[in-house]
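Below is one structure, written out as structure tokens; comments come after it.
The values are calculated or read from the model by the stated rules, or taken from the named source; none is laboratory data. Just so we're clear, the structure is a prediction, and the values are computed from it rather than from any experiment. Note that each Cβ is placed from the backbone with ideal geometry, even for glycine, and that neighbours are counted across all protein chains shown. What goes into the accessible areas is simple: the full protein's heavy atoms, side chains included, and nothing from ligands, DNA or RNA. Shrake-Rupley method; radii C 1.70, N 1.55, O 1.52, S 1.80 Å.
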Amino acid sequence: MSVLPQHLLNGLAVGSLYALLAIGLSLTYGVLRIIHIAHGGVYMIGGMLSLTLLATLRLPPVLALATTVLVCAGLGVLFERFAYRPLRGANVIVTLISSLGLLLAMENLARIVWGPVPHSYPQFLPLRVYTLGTIVITNLQILIVVLTIALMIGLQWVLRRTNLGLATLAAVQNARGARLVGINIDALAVAIFAVGSGLAGIAGVLEGLYITSVDPSMGAMFGLKAFAAVVIGGMGSVVGTILGAYLIGLVEALTAAYISAGLRDVITFALLVLVLMVRPSGLLGRRIERA
Amino acid sequence: MRRTYINRTRALLGASMFVVALLLFSGGAAQGQAPDVRVGVFGPLTGEAAADGNGCLYGTQMAADNANARGGLDGRKIAVSSADDQAVPSEGITAVQKLLTRDRVTSVISCSYSGATRTAAAFAQQAKVPMVVSYAVNPEITKAGNYIWRVFSIGGVQGNAIAVMAREDGKASKAAILWVKNDYGDSISKAAAERFAKLGGQVVFNESFQIGDKDFTTLITKARAANPDVLLVISYYAEGGLLVSQARRLGLSVPIYASDGLSAPNFIELAGQAAEGVVMSAATNLNSPAYKAFAKAFEAKYKYLPDSVASHGHDAMLVLLEAIRRGDTTPNGVLKGLGLIDKFSGVNGTFTFTPAREIVAEQSFWKIVNGQFAQYKLIPFEKVK
Amino acid sequence: MLDFLLGPYALTLLMLISINITLAASLNLITGYAGQVSIGHAAFYAIGAYTAAILSTAFGWSFWLTLPAAALVTFASGLIIGAPSLRVEHDFLAIVTLGLGLVVQGLALNLNITGGPYGISGIPRIELFGHQLGLAGYALTGVVLAAITLTVVRRIMTSRPGTALMAVREDPLAAEVIGIDTARYKVLAFAIGALFAGAAGSLYAHYATFVGHDSFSLGTSIAVLSMVVVGGMGTQWGPVVGAVLLTLIPELMRFTAAYRMLLYGLLLVLMMRYLPQGLLGAFPARRR
């Protein structure tokens, strides 16, 4: 039983990465009703690009991280501008297919640029391992959890205290109403994609550090699970999304710990299906008004 | 009324499009009698497994090029036709059908994983075209029929060999087995667990993980709690590299014996320092002059060190060329030739075929020393049957 | 005759296209007409294929028996899975069905009855009057199955329940107000769509003679959904055009090797940007 805290800790670290990705998905769906599956691809680009910056160009870590975040944010804005904006108001399936196309294109482009195999990720932070009784904690796990929580608190502050944030929340609640009171949805969309994609880039870097490798296929399933987190937590609820992300992280760790690692995805997605059947709008979600 | 009209136009449009498209595909490539001896190779040339498919294809290509440089087969050149299956079983059908029916190949090489190879094998058997499997380990593959041959040991043999090594070389008595959940991991790990117990050892931990998994901390935490004195890792290099590095990071420092999936340069890149001292099944004798020559030529041509899939793709082609020499260039001639091969020496070593078209070969093990693969042990086949 | 006309490679593609048309047309009933986004259609394809595989290898059933059996099993699973799923908030259904697809795939990998990681091989080929079908026979069977699917979907859509279904898609609230039992029609459409996917699965199993857990992946579901959308959702011939194009385009692009899937992805993006209604589409909301 003494290993339980260890499993919980492992789950928290993975849940943090899901949370960083899920935020972007939650906002893009909440405001624009886009199921942005390509978000996982942006996260992958974050991992691969930072690999090149760190290992090949030997940039200092801070500079590499900043460049990665900027490029990912730019990529998100590009997608919004050229793939999603022309489709605004179209059936949600249309944006979904477009998004799947983007993901497919990004994955295969990355396979051409970086090769299809995983690459070892430069460990620019010296690893520290702390042992507390039977529990082993690494400084990376602490960094991931603390950084994520700090970013989430910052995001909450932006959402609650700035005009942009309040406009976002208003649009999540009622997009048509927001437009009526003069909120510029185009500008808002750019902001949301920039912030969400930047966070995805950070997640890609953290994943590289934590897992010690990155590869062009890393984004697809990860993105789907992050989306599952959004749905479980309740669309349009930022707190619910973060909760959903940690829930999935913990369920995965505990499944691997007490049932079987080979059944992890089955159980995660079975849980998703069950939650939605019992609570069709997710744990903390409201029914979304159909604009 | 108008609606019906529109529907009819659309139906006509659709139907004509369809016919035109299909006719595009009906032109046979084999027209204008090519004098080449055409061998088909299918495997994952794109997608997640593309490195393995392409590496294996390079291996076959090199064997064909070498033969052509020496004048080919009685003056006829060997031509390689390739087809991509993305390691997806249903794509395996289209890929092998393209080779069989459009390129009209005389024989086929599987450079793919077990799933796609199994679907393809049924079609090759049906078409009565010989197929040589280069590295897929699922024991069911060759059961598709007498046209399907394999130049790689099946999973069970490898599992036995790993257990023998852990028990005899590692003097281990408590094994933790971590295996990837698919036919590869299942067949090797089952044999390893049984043989390890039969040799008087005890399997204290035996669990699977998913292909594509990256975070093994939970699994390692559990394995560590079982207090093993050896770790058997049955995996591909992507998962294996991370598993080994995370195991060492979390303080699980017992010796590691692994399956041939880890005998790829990428494993060393991924696991880094943690790779040091790991022993793995490798299906190739590194010290043989034939392999050294192959590796040198391969690296010169493709700018990277060959791995097991490349050298086995190479041997698959060499076996086919030998079969064609002994038989003839028709599919049935190739089959007859395959049956006439008694003892074959390729770049990976020497083997004979069993009546079930599987190989009997020494089992080789490598060890990572100073960040490089080094030949470690050879176990005779009798010991791992 | 078909052999003579087309040659074996084209027949192989015709077979593949027929299966894809069947899948796309059945998904069109669910997504195009009933408005339920599903990214898990491969789940029913898989259930049908495994049903046929198990019945034929363990009990010696022929294709002519496993086909209706697979259809029945998938119809039932469609009802069982559909009923609670359709309670879910509209767009979330995409994620629920996606989850279902992954769960079915995971179960196939982990259960004993499905052969676990080894799958099931040795599924007998189709026999007709004591003769094993050749490639042309398979292609013809595929075409017949696709034609039946298209006809049935068309019949349903021109019947009263079909009209009700479209009313449900256009305005669920209004449909409910005028007394249409929306849930019942949605579930029924879901189950009938599942039925034809199951039939396609049975045909696939007897064609490939091997089914494994990775035979029916998320990629399959996504490809089928793309066919429906690219061809034109809610149109009669859209799924046919989509299935033909999206099956042949990757084949045509084989020579581009590594760029094949990159171009395919970009093509989807461009299609949606410039032809969001699909090639044949006029998504009815616009037509009226």
Using a 1.4 Å probe on protein heavy atoms, which residues of the stretch B:209-227 have at least 50 Å² less accessible area in the complex than alone? B:Gln210, B:Lys214, B:Asp215, B:Thr218, B:Thr221, B:Lys222
What Cys residues in the protein assembly as shown are without a partner cysteine, judged by a Cβ distance under 4.7 Å? A:Cys72
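Quick check for me: using +1 on Lys/Arg Cβ and -1 on Asp/Glu Cβ, what's the dipole size of the protein assembly as shown about its Cα centre, in debye to the nearest 20? Let's see the in-between values first.
Numbers: 71 positive and 50 negative charges, 337 e Å.
I would put it at about 1620 debye.
Per DSSP H run of n ≥ 4, the term is -39500 (n - 2.57); total these for chain B, divide by its residue number, and report the mean residue ellipticity at 222 nm rounded to 500 deg cm²/dmol. All intermediate terms of the calculation are to be shown ahead of the outcome.
On the way: 12 runs with 166 residues, N = 385.
One gets -14000 deg cm²/dmol as the mean residue ellipticity at 222 nm.
Considering only protein heavy atoms and a probe of 1.4 Å, how much of the accessible area of the stretch C:112-258 is carbon and sulfur, as a whole percent?
Values: 3710 of 5550 Å².
Using a 1.4 Å probe with all protein chains present, the stretch C:112-258 comes out at 67 percent carbon and sulfur.
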Calculated from DSSP H runs of 4 or more alone, at -39500 (n - 2.57) each and per residue, what is the 222 nm mean residue ellipticity of chain C, nearest 500? -23000 deg cm²/dmol
Buried accessible area between C and A (1.4 Å probe, both chains summed, ligands and nucleic acids excluded), in Å² to the nearest 100? 3600
Hits among aspartates and glutamates - C-alpha to C-alpha of B:Lys343 under 18 Å, sequence gap 8 or more where chains match: B:Asp315, B:Glu322, B:Glu358, B:Glu362, B:Glu382
Name the shape class, rounded, prolate or oblate, that the alpha-carbon gyration tensor gives for the stretch A:63-212, where a ≥ b ≥ c are the square roots of its eigenvalues, rounded holds for a/c under 1.5, and otherwise prolate holds if a/b is larger than b/c and oblate otherwise. oblate
By average Cβ neighbour count within 10 Å, what is the ranking of C:18-28, C:265-275, B:259-269 from highest down? C:18-28, B:259-269, C:265-275
Using protein heavy atoms only (no ligands, DNA or RNA), what is the total accessible area buried between B and C, 1.4 Å probe, nearest 100 Å²? 3700
In nanometres, what is the gap between the two model label sites at C:Leu111 and C:Asp171, each 7 Å from Cα along Cα-to-Cβ? 4.4
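When Cβ neighbours within 10 Å are restricted to other protein chains, what is their mean count per residue of peptide C:271-278?
Values: counts 4, 15, 10, 1, 1, 10, 3, 2.
Whole-number average of other-chain Cβ neighbours for C:271-278 is 6.
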Could you sort A:58-69, B:132-143 so that the peptide with the highest average Cβ count within 10 Å comes first and the rest follow in order? B:132-143, A:58-69
What is the spin-label model distance, in nm, from A:Trp157 to C:Val144 if the labels are put 7 Å beyond Cα along the C-beta direction? 7.1
Using the Cα centre as the reference, give the magnitude of the dipole from point charges on the C-beta atoms of chain B (Lys, Arg: +1; Asp, Glu: -1; all else neutral), rounded to the nearest 20 debye. 720
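Looking at the square roots a ≥ b ≥ c of the eigenvalues of the Cα gyration tensor of the stretch C:1-157, which shape do they give, rounded for a/c under 1.5, prolate if a/b is larger than b/c, or oblate? Let's see the in-between values first.
Values: a/c = 2.09, a/b = 1.32, b/c = 1.58.
It is oblate, given that a/c is not under 1.5 and a/b is not larger than b/c.
Taking the Cα centre of the stretch A:1-118 as origin, sum charge times position over the Cβ atoms of Lys and Arg (+1) and Asp and Glu (-1), and report the length of that vector in debye to the nearest 20. All intermediate terms of the calculation are to be shown ahead of the outcome.
Values: 6 positive and 2 negative charges, 44 e Å.
Here the stretch A:1-118 has a charge dipole of around 200 debye.
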Highest average packing first - B:312-321, B:151-160, Cβ atoms within 10 Å: B:312-321, B:151-160
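Averaged across A:268-279, how many Cβ atoms of other chains sit within 10 Å of each residue's Cβ atom?
Details: counts 4, 12, 6, 2, 8, 13, 3, 3, 10, 8, 2, 3.
Mean partner-chain Cβ count within 10 Å for A:268-279: 6.
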How much net charge surrounds B:Thr329 when only the other residues with a Cβ under 11 Å from the Cβ of B:Thr329 are counted, with Lys and Arg +1 and Asp and Glu -1? 0
Tell me, what % of the accessible area of chain A is carbon and sulfur with a 1.4 angstrom probe? 70
Inter-part gap, Cα centre of the stretch C:189-207 to Cα centre of the stretch A:145-193, in whole angstrom, is 45
Could you give the distance between the Cα centres of the stretch C:98-153 and the stretch B:94-138, to the whole Å? 20
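At the nearest 100 Å², what buried accessible area, both sides summed, do you get for A and B when the probe is 1.4 Å? Don't skip to the end; give the middle numbers.
Values: alone 13470 and 17260 Å², together 28180 Å².
The summed interface area works out to 2500 Å².
Would you list A:Ile23, A:Ile242 from the most to the least accessible area, probe 1.4 Å? Could the numbers behind the result be given before it?
Numbers: A:Ile23 0, A:Ile242 30 Å².
Ranked from most to least accessible, the order is A:Ile242, A:Ile23.
Considering every residue in C:213-225, what mean count of other chain Cβ atoms within 10 Å of its Cβ is obtained? Working shown, then result.
Working: counts 5, 10, 9, 2, 3, 3, 7, 2, 0, 7, 1, 0, 4.
Average neighbour count from other chains, rounded to a whole number: 4.
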Simple spin-label model, 7 Å along Cα-to-Cβ: B:Lys143 to B:Ala293 in nm? 4.0
For the stretch C:71-86 and the stretch B:199-269, what is the separation of their C-alpha centers, rounded to whole Å? 41
Name the residues of the stretch A:83-98 whose accessible area falls by at least 20 Å² when all protein chains are present instead of the chain alone, probe 1.4 Å? A:Pro86, A:Leu87, A:Asn91, A:Val92, A:Ile93, A:Val94, A:Leu96, A:Ile97, A:Ser98
Relative to the longest principal axis of the C-alpha atoms of chain C, give the angle of the C-alpha long axis of helix C:238-252, reported between 0 and 90° and rounded to the nearest 10°. 50
Hydrophobic long helices for chain A, i.e. whole DSSP H runs reaching 24 angstrom or more by Cα along the axis with Kyte-Doolittle mean at least -1.0, come out as A:4-32, A:61-79, A:92-114, A:139-161, A:185-211, A:238-258
Measuring from the longest principal axis of the C-alpha atoms of chain B, the long axis of helix B:331-340 (C-alpha) lies at a number of degrees, nearest 10, equal to 30
Does the protein assembly as shown come out rounded, prolate or oblate, given a ≥ b ≥ c as the square roots of the eigenvalues of its C-alpha gyration tensor, rounded meaning a/c under 1.5 and, failing that, prolate meaning a/b above b/c? oblate
Give me the percent of accessible area attributable to carbon and sulfur for chain B, probe 1.4 angstrom. 54
Pairing the Cα long axis of helix B:155-164 with the longest principal axis of chain B, what angle in degrees results, from 0 to 90 and rounded to the nearest 10? 10
Excluding ligands, DNA and RNA, what is the solvent-accessible area per residue of the protein assembly as shown at a probe of 1.4 Å, expressed in Å²? 36
Unsatisfied cross-links (Cα-Cα over 25 Å) in the set B:Lys190/B:Lys222; B:Lys336/B:Lys385; B:Lys190/B:Lys383; B:Lys174/B:Lys385; B:Lys190/B:Lys296; B:Lys128/B:Lys385: B:Lys336/B:Lys385; B:Lys190/B:Lys296; B:Lys128/B:Lys385
